[in-house]
1. Of 65, 74, which residue is open to solvent by less than 50 Å² (accessible area, probe 1.4 Å), of a type in the set (Lys, Arg) and farther than 24 Å from residue 119 by Cα?
2. Which one is surrounded by the most Cβ atoms within 10 Å (Cβ to Cβ) among residues in the stretch 77-92 that are in contact with a Gly (Cβ under 6 Å, 6 or more places away or on another chain) and more than 15 Å from residue 50 (Cβ to Cβ)?
3. Could you please find all residues in the stretch 4-30 being part of a strand (DSSP E or B) and either closer than 18 Å to residue 112 by Cβ or open to solvent by 40 Å² or more (accessible area, probe 1.4 Å) (or both)?
4. For the stretch 37-45, state whether one or more residues are in contact with a Phe, Trp or Tyr (Cβ under 9 Å, 6 or more places away or on another chain) and either on the phi > 0 side of the Ramachandran plot or touching a residue at least 60 places away in the same chain (Cβ under 8 Å) (or both).
5. Tell me the residue from 33, 120 that is within 18 Å of residue 4 (Cα to Cα), of a type outside the set (A, V, I, L, M), open to solvent by 60 Å² or more (accessible area, probe 1.4 Å) and modelled with pLDDT of 95 or more, please.
6. Residues that are touching a residue at least 40 places away in the same chain (Cβ under 8 Å): find the strands (runs of 3 or more DSSP E) completely inside the stretch 57-125 holding 3 or more of those.
7. Could you tell me which numbered condition residue 111 fails, if it satisfies all but one of (1) within 16 Å of residue 124 (Cα to Cα); (2) among the β-branched types (Val, Ile, Thr); (3) surrounded by 15 or more Cβ atoms within 10 Å (Cβ to Cβ)?
8. Scan the stretch 31-56 residue by residue and report those that are under 11 Å from the mean Cα position of the chain (by Cα), farther than 19 Å from residue 79 by Cβ and assigned to a helix (DSSP H, G or I).
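The values are calculated or read from the model by the stated rules, or taken from the named source; none is laboratory data. Quick caveat, the model's predicted, so the values are computed rather than measured. FYI the Cβ positions are ideal-geometry reconstructions off the backbone, even for glycines, and counts take in every protein chain you see. For accessibility, only protein heavy atoms count, side chains too; no ligands or nucleic acids. Shrake-Rupley method; radii C 1.70, N 1.55, O 1.52, S 1.80 Å.
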Amino acid sequence: MTHPMFLTLADDSWQRAHYALVVAAGGLSLGRNVTIFAGGRSVLALTPDWKGLAGVIADGELEARGISGFGELREAVLDLGATVMACEAGLRMAGLSEKDLLDGVTVRGIVSFLELAGDNPVLAL
């Protein structure tokens with residue numbers, strides 16, 4: 001039996017969000033259940049256009065280097081069945097609402113995420 005993976009993001013760093021997607025995709029490919037909780041301005045990573053994140057590297061530039069782009073990784077993580085949550089307060093901080101998020105992303109508070117994580121470790125990126 002594999003242990004579930006719980007990841008949380010807290011800022012608007014594109015690099016951290018990209019790496020969280022890499023970690024999540026890796027865990028999902030190994031058959032782990034993965035939950036991602038985006039807090040603060042990291043909720044920008046869960047909108048159709050993630051360009052509001054800080055330090056964005058274009059997907060084309062990454063793909064030219066043989067690295068999966070942000071859009072490809074995010075789509076794979078959602079398609080592979082990750083639970084993806086956006087923080088209620090984070091949405092307000094970023095000036096967004098639930099309608100600004102991708103399909104499949106739920107809006108929850110940190111207590112809901114921690115309750116789901118239970119005694120499992122939480123990886124903060």
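1. Working: 65 fails: open to solvent by less than 50 Å² (accessible area, probe 1.4 Å).
Answer to the selection: 74.
2. Step one: of the stretch 77-92, the residues in contact with a Gly (Cβ under 6 Å, 6 or more places away or on another chain) are 78, 87-88, 90.
From the residues that got through so far, the ones that are more than 15 Å from residue 50 (Cβ to Cβ) too are 87-88.
Working: 87: 25, 88: 16.
Among those residues, the one meeting the criterion is 87.
3. In the first step, residues of the stretch 4-30 are kept if they are part of a strand (DSSP E or B); the result is 5-9, 13.
Listed by number, the residues that qualify are 5, 6, 7, 8, 9.
4. Going through the stretch 37-45, the residues in contact with a Phe, Trp or Tyr (Cβ under 9 Å, 6 or more places away or on another chain) turn out to be 37, 39, 44-45.
Remaining after also requiring either on the phi > 0 side of the Ramachandran plot or touching a residue at least 60 places away in the same chain (Cβ under 8 Å) (or both): 37, 39.
For the stretch 37-45, residues in contact with a Phe, Trp or Tyr (Cβ under 9 Å, 6 or more places away or on another chain) and either on the phi > 0 side of the Ramachandran plot or touching a residue at least 60 places away in the same chain (Cβ under 8 Å) (or both): present.
5. 33
6. Numbers: elements: 83-87, 105-108, 122-124.
Once the strands (runs of 3 or more DSSP E) in the stretch 57-125 are filtered for at least 3 residues that are touching a residue at least 40 places away in the same chain (Cβ under 8 Å), what remains is 83-87, 122-124.
7. (3)
8. Across the stretch 31-56, the qualifying residues are 42, 43, 44.
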